[in-house]
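For reference, the structure is listed below as structure tokens.
The values are calculated or read from the model by the stated rules, or taken from the named source; none is laboratory data. Not measured: the values here are computed from a predicted model. Every residue, glycine as well, gets a Cβ built from its backbone with ideal geometry; the counts of neighbours run over all protein chains shown. Please note that ligands, DNA and RNA were not included when accessible areas were found on the heavy atoms of the full protein model with its side chains. Shrake-Rupley method; radii C 1.70, N 1.55, O 1.52, S 1.80 Å.
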Amino acid sequence: MNVYIRLLGFLSDIKKEIAGKTLLGLVISATYLVQAVLMAQIVNLVFGSQDKAELFSRLAAVVAAILIRSWLMMRNESYTKTMAQKIKGKIRSVVLEHMFRLGPGQMNDKRSGELTSLVLDGVEALEHFYVSFIPQVFTVLIVGGFSFFYLLQYDPLTSVILILAMVLCVVVPIATIPIVEKNIGDYWTDYSRLTAQYIDAVQGLTTLKTLDAEKSMGSILKKEATSFWRRSIKNTGISLSNASLMLILTSVTSSITVVIAALRAYNGTIEAAAVPVFLFLTVECARPLFDLNRYWHSSFLGLSTAEGLFELMDTEPKIVDREDAAKNGIEEMPEIRFENVTFSYTGSEDVLKDVSFTISKGSKTAIVGRSGSGKSTIVNLLIRFYDPQEGAIKISGKDMRDYELSYLQSRMSAVFQDTFLFYGTVRENIRMSRPDATDEEIVAAARLARADEFIDKLPEGYDTIVGERGLTLSGGERQRISIARAIIKDSPVMILDEATASVDAESEKLIQNAIDELSRKRTSVIVAHRLSTVRDADNIIVLENGTVAEQGTHEELLAKKGIYHELIKAQEEIKNV
Amino acid sequence: MSDRKKNIVNLSRTIRPYSGEMSAAMFSAFLKQGSVIGAAAITSYIAGIALGKGDTGNIRLLIVLLAAFILMRALGHFGEMYFAHDVAFRVIRNFRLDIYNKLAEIAPAYTLRKQTGQIGQAFVADVEILEIFLAHTFSSFLIAIILTVLIMIALLFVNPILSLLVIAAAVLLMAVPYKMGKKAEDRGREVRESLAESNVIMVESIQGIRELVMLGQSSRRMKDINSAMDDLYKEQYMYGLLKGKQSMATQVICGLFTAAVMVCAAWLVSAGQMDKVMYPVAVMLSTVILGPVLELTTVAQELGVVFAASNRIRALLDEEPVIKDEGRLDADMEPMSVRFENVSFAYEPGGEEVLRDVSFDIEAGETVVLVGHSGAGKSTCANLILRYWDPDEGRILFGGTDIREYSMEALRHMVSAASQETYLFHTSVEENIRLGRPDSTDSEIEEAAGKANADEFIKKLPQGYDTVTGERGFRLSGGQKQRVAIARTLLRDAPIVILDESVSNLDAENELYMQHILAEQLKDKTVVMIAHRLSTILSADRIIVLEDGRPVDIGTHEELNSRCETYRNLIKNQMND
């Protein structure tokens, strides 16, 4: 129930629209009511005086009501669509903004998958709640209230019965919320699971085929889809029983009350002229109720996604700026110090244990070690996607956490193992790191990043569209674009997580040259997966099981005959197989 | 036959197996619509009696009948929706499975140049759209026609003029979507396009959050998101306006019909051709008898989208596989030679030849590596060995037998492949490995993982072998994925093994280990590798150098290094490491 109240919170962003839509709904209802009253009068006239002039004036008024309503309904339609867009847009942008506040550390891979479906399908499903259901509640209240007081003058008893039936129509669906909530909630989970599984299978079809497993996957899918059909039809049954009950209640509202009024009129308890008024007005009372019920049903799906939405919104960002965070102080070639840093992603197993080392001003430092030794974690901490549980990382002598996050990140460039390219041209993708960069600067950066050659060969050169729905670039090409981005950004600290992805020998060489270019005149940290690339580093830090095992230059470490020596030996051996 | 008709016929055909349920749905719908009209008639008739002080002798019967109609309406609604949804859910399930099976049949030839994820997503969406037609349109279409005709016939007995009025109104109503539908459809398409546009921006923001944060683009991105929302808002407004015009036209027709009936019936009463008591009945019915037609026009508006979706699905299901599985031979699991005999191949008929007159022999149990620049045809060779395509000219022989003589199933058993892009499914690591051979025991899986040097890291995962991987699960690194893929391949135990760049992501130590292990585990196998890295190249018995779709030389490293210019160029960057 709490969720519903919280959903209402978003309404404050579309107050004007909600008010407008409700007003429109009311005026539309008013034309219905006026029409009903006029029609009742016409019926009475036919039974009574049959005065032609009066009849035609009423009829003209009916036609007028119809025309006005038709016009209003046109406005209402476009209003509904725009309002829907506005509220969905608002919710989406609030959620995404919160995502940026949470940052990449807390938005891990699993989360982003969930978030994608939440932001796209989940929010879509909320539309009916806001756009149809909420305004309809007002319409029902006001139409019911008006009809009740108007009909009171004709027959109090029937009016009371009418209003009671109406109240039931509203209360019953609310009473069944728990049952429906449970089933529909499950439905949504099942549905998204099945869809994900289906897409998973289609995506992996080639792999399945090489493993001769596509048929067995097919039969798994069949089993799942069949059981999903059983569950969905069961849910349909539940939600339909609910709807059918509502239909009976609304029918009672519109028919039985008329019959009661008719019988009372026949017995002379009330005036006969009251009967047509009941006949036409109760239909108008039932109409908004009927719609309310329909909207309520279409809202279910959305409401079940709301929980996921708020769960995300309730996640507190872990990385936040201190109140007096500094907006300056990182020098051109700063020194970076890890002081007794201990870190764990989960809180249970420490990935880094009491790690201390210094990256001196303007140096090129390499981090090496076996896979799983904590190399990539160092990167995550350096760019402050996470904070260490113990110890501190100091830049230019000051704890990283004392700088404003956006300032800190503006002074750093990071080149990741796998670079994400955005839908847009190559030029736009490079420019992202400094929006005011000129075309010449972009070409120059691409040249330094050894990317200009392959870019020139693309169908449209720098204007080739890449990213989703665009041209797919290889891992090595993407990384060089990322390096070009870093060159344009021209920040004092450069962090590079060397790609492990397969790049052919030629691109590997080119990337190597690009990295050399980038690490000039900066403090640079390179996480190396291939030892050959870091021989000339000023300092090599060797990690083992989350601790610093040894450090020094290539020659020093070789002489030590420790882990580094072993790693190098392994590499040499490969060549001699 | 027009596209529209063809679509209806095709869709109807998919429903045929469920004609029982469909008839039940239609019968229920008929019951429902009939009850609505019946209940309205009785209510207004009772009102008429009260007004006209008519005969109340059968009032009890009327009330019982009214109650029956109310119940029938609820039951009819339940039945219609229940059965129609049942059919819809089942047909949708069938569609999904058909699409999967079709894709499995024609992959990877069909999926080669498309993002398989997008294919999956597109078809999920398309199939869903069909639900509208199956669950809602199909029955309303027939009911609208049957009921309207019945009403007209009934009215002929009351008065031919009323009957004419109904025809006129029904025809006019049907004309609305026909007349305005095209424009609305076009607008609708534009809305969907800008929706897709804004969805891409949102998905990118989620997936690329790391880059956005590091490039200081968060707030700029929020602006982009909001402006995409604004664009969509404008599109929706235009679309809403058009839809609004449609509903305005509908309203005007229905309203004027009621007014016309009121005039006409009043005239009939005054002319003595109609009983006064029937007047409220005529007026009341005029507001409900267009209901079925109205329902039809509402769903008809969506038909354009439905047909577009069904066209896309149909086109896929009609797709012919590029290879014909006509071979009869069973799998031969003995060590096996592989021979290319004058093989030429182009991916598109008449397109550029990727392989030109390629001939080479690989002896049983030999390890051969294919090298060459990207685009030289290395992966195409692998694709042809896997028989994803057939050569345009020449043939491929396993152990002296043309591979087309084996059944596809036999070929799958004889060849196993670990490719560059290993796909991991959203299931446990154990199940991912088991895909290689579904009947393998847990200990066999662990053994295979052990041989692939994957056992150690798998045991360190949060849930060990039960850790769920894949896009939405725990992300493994490139090297870890490759080791899982190799474990799968070892489990399959096929005589021919293809390793397409499948060790490129391993670090030096793992690669070294792998080379020792592969030399032992795969020593009886015929292994075809594709590699860039010199260390991998050196581990092969022979090297085939491809250039522009032709083998330029075949031999050992020493031989090629001394005589082959292309080969020297390929490896020169790595020689001085």
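If you count, for each residue, the other Cβ atoms within 10 Å and average over each peptide, how do A:447-453, A:521-527 line up from highest to lowest?
Working: A:447-453: 20.3, A:521-527: 22.6.
For the peptides A:447-453, A:521-527, the packing ranking is A:521-527, A:447-453.
For B:Ile145 and B:Asn311, compute 0.36 nm times the residue count separating them, minus their Cα-Cα distance, and round to one decimal in nm. Each step should come with its number before you reach the end.
Numbers: separation 166, 0.36 × 166 = 59.76 nm, distance 2.60 nm.
Additional length available on full extension: 57.2 nm.
Run lengths n ≥ 4 of DSSP H only: what is the helix-derived mean residue ellipticity at 222 nm for the protein assembly as shown, with -39500 (n - 2.57) per run over all residues, to the nearest 500? Walk me through the intermediate numbers first.
Details: 42 runs with 722 residues, N = 1154.
Only helices count here, giving -21000 deg cm²/dmol.
Quick check: with the 1.4 Å probe, what order do A:Tyr266, A:Tyr198 take by accessible area, largest first? List each step's numbers first, then the result.
Working: A:Tyr266 75, A:Tyr198 10 Å².
Of A:Tyr266, A:Tyr198, the descending order of accessible area is A:Tyr266, A:Tyr198.
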Whole-Hz ³J(HN,Hα) for each residue in the range A:551-556, computed from phi via Karplus 6.51 cos²θ - 1.76 cosθ + 1.60 with θ = phi - 60°, x for glycine and proline: what do you get? 8, x, 7, 3, 5, 4
Reachable lysines from B:Lys451, criterion Cα separation under 25 angstrom, eight or more residues apart if same chain: A:Lys209, A:Lys569, A:Lys575, B:Lys459, B:Lys460, B:Lys481, B:Lys523, B:Lys525
Distance between modelled label sites at B:Asp548 and B:Arg189, nm, 7 Å Cα→Cβ extension: 4.3 nm
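Please give the average number of partner chain Cβ atoms lying within 10 Å of the Cβ of each residue in B:234-246, rounded to a whole number.
Mean inter-chain Cβ contacts per residue within 10 Å come to 6.
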Tell me the angle of helix A:15-47 to the major Cα principal axis of chain A, expressed in degrees between 0 and 90 and rounded to the nearest ten. 20 degrees
Cut-off 19 Å (backbone N to label point 7 Å along Cα→Cβ of B:Tyr178), residues of the range B:251-276: B:251-254, B:257
Would you please state the base-10 log of I(q)/I(0) at q = 0.07, 0.08, 0.11 1/Å for chain B, with intensities from the Debye formula using one equal scatterer on every alpha carbon? -0.66, -0.77, -1.10
In nanometres, the difference between 0.36 nm per residue of separation and the alpha-carbon distance of A:Leu120 and A:Ala392 is 94.0 nm
Taking N as the residue count of the protein assembly as shown, its alpha carbon Rg divided by 2.2 N^0.38 Å gives 1.14
Beta bridge orientation in chain B: antiparallel %, DSSP, nearest 5: 50 percent
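Give me a single rounded figure for B:63-71: the average over its residues of other chain Cβ atoms within 10 Å of their Cβ.
Details: counts 4, 0, 0, 5, 6, 0, 2, 9, 4.
Taking the mean over all residues of the peptide, I get 3.
For the B and A pair, go ahead and give the buried accessible area with a 1.4 Å probe, both sides summed, in Å² to 100. Show your work: numbers first, answer last.
On the way: alone 31260 and 30040 Å², together 48070 Å².
Counting protein atoms only, the buried area is about 13200 Å².
At 1.4 Å probe radius, can you tell me the per residue accessible area of chain B in Å²? Walk me through the numbers before you get to the answer.
Numbers: 24670 Å² over 577 residues.
Here the residues of chain B average 43 Å² of exposed surface.
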Could I get the Rg over Rh figure for the range A:83-313? Both from C-alpha atoms, Rh via Kirkwood, rounded to two places. 1.16
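For the range B:338-576, what's the relative contact order in percent, using C-alpha pairs closer than 8 Å and at least 6 residues apart? Please report the intermediate quantities before stating the final value.
Details: 424 pairs, mean separation 66.7, N = 239.
Relative contact order for the range B:338-576 comes out at 28 percent.
Could you grab the relative contact order for the range A:83-313? Cα pairs under 8 Å, six or more apart, rounded to a whole percent. Before the final figure, lay out the partial values.
Working: 182 pairs, mean separation 92.0, N = 231.
After rounding, I find 40 percent.
When the solvent-accessible surface of protein heavy atoms is calculated with a 1.4 angstrom probe, in what order do A:Phe56, B:Phe307, A:Phe148 fall, highest first? If you can, show how the numbers build up before the last one.
Numbers: A:Phe56 110, B:Phe307 15, A:Phe148 40 Å².
Accessible-area ranking of A:Phe56, B:Phe307, A:Phe148, largest first: A:Phe56, A:Phe148, B:Phe307.
Taking R0 as 25 Å, what FRET efficiency do you get between A:Asp536 and A:Glu566 from their Cβ-Cβ distance, rounded to the nearest 0.05?
Given R0 = 25 Å and the Cβ-Cβ separation, E is 0.75.
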Förster radius 51 Å - calculated FRET efficiency between A:Asp13 and A:Glu331, Cβ distance, rounded to 0.05: 0.70
Comparing the chain by itself with all protein chains present, which residues of the range A:29-46 are at least 30 Å² less accessible (probe 1.4 Å)? A:Met39, A:Val43, A:Val46
Might you tell me the accessible area per residue for the range A:18-171, computed with a 1.4 Å probe and given in Å²? 38 Å²
Taking the mean number of other Cβ atoms within 10 Å as a proxy for protection, how do you rank B:377-389, A:43-55 from highest to lowest? B:377-389, A:43-55
Of the accessible area of the range B:350-393, with the probe set at 1.4 angstrom, what percent is carbon plus sulfur? 39 percent
Counting only protein heavy atoms and using a 1.4 Å probe, what share of the accessible area of the range A:344-407 belongs to carbon plus sulfur, as a whole percent? 45 percent
Residue among B:Phe345, B:Val468, B:Ile554 farthest towards the positive dipole end of the range B:338-576, charges placed on Cβ: B:Val468
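Using r as the Cβ-Cβ distance of A:Ala53 and A:Phe149, and R0 as 22 Å, what FRET efficiency do you calculate, to the nearest 0.05? Let's see the in-between values first.
Details: r = 30 Å, r/R0 = 1.38.
E between A:Ala53 and A:Phe149, to the nearest 0.05, is 0.15.
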Applying a 10 Å radius around every beta-carbon, put B:163-175, A:472-484, B:349-361 in order of their mean neighbour count, most first. A:472-484, B:163-175, B:349-361
Using a simple spin-label model with points 7 Å from Cα along the Cα→Cβ vector, what separation in nm is obtained for A:Lys457 and A:Phe310? 5.6 nm
Hey, can you list the residues from the range B:18-60 whose accessible area shrinks by 50 Å² or more with all protein chains present, relative to the chain by itself (probe 1.4 Å, no ligands or nucleic acids)? B:Thr43, B:Ala50, B:Leu51, B:Lys53
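Taking beta carbons within 10 Å but only from partner chains, what does the mean come to for residues A:68-75?
Details: counts 0, 4, 12, 4, 3, 7, 11, 4.
For peptide A:68-75, the averaged partner shielding equals 6.
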How far apart, in nm, are two points set 7 Å out from the Cα along the Cα-to-Cβ line at B:Ala154 and at B:Ser443? 7.7 nm
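DSSP H helices in chain B with Cα extent of 30 Å or more along the helix axis and mean Kyte-Doolittle hydropathy at least 0.5?
Values: long enough: B:19-52 (48 Å, 1.02); B:59-106 (69 Å, 0.86); B:138-158 (31 Å, 2.93); B:160-207 (67 Å, 0.43); B:218-270 (75 Å, 0.17).
Membrane-span-like by this criterion, though nothing is claimed about a membrane: B:19-52, B:59-106, B:138-158.
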Relative contact order (%) - criterion: Cα under 8 Å, at least six apart; region: chain B: 14 percent
For chain A, report the % of Cα-Cα distances exceeding 38 Å. 53 percent
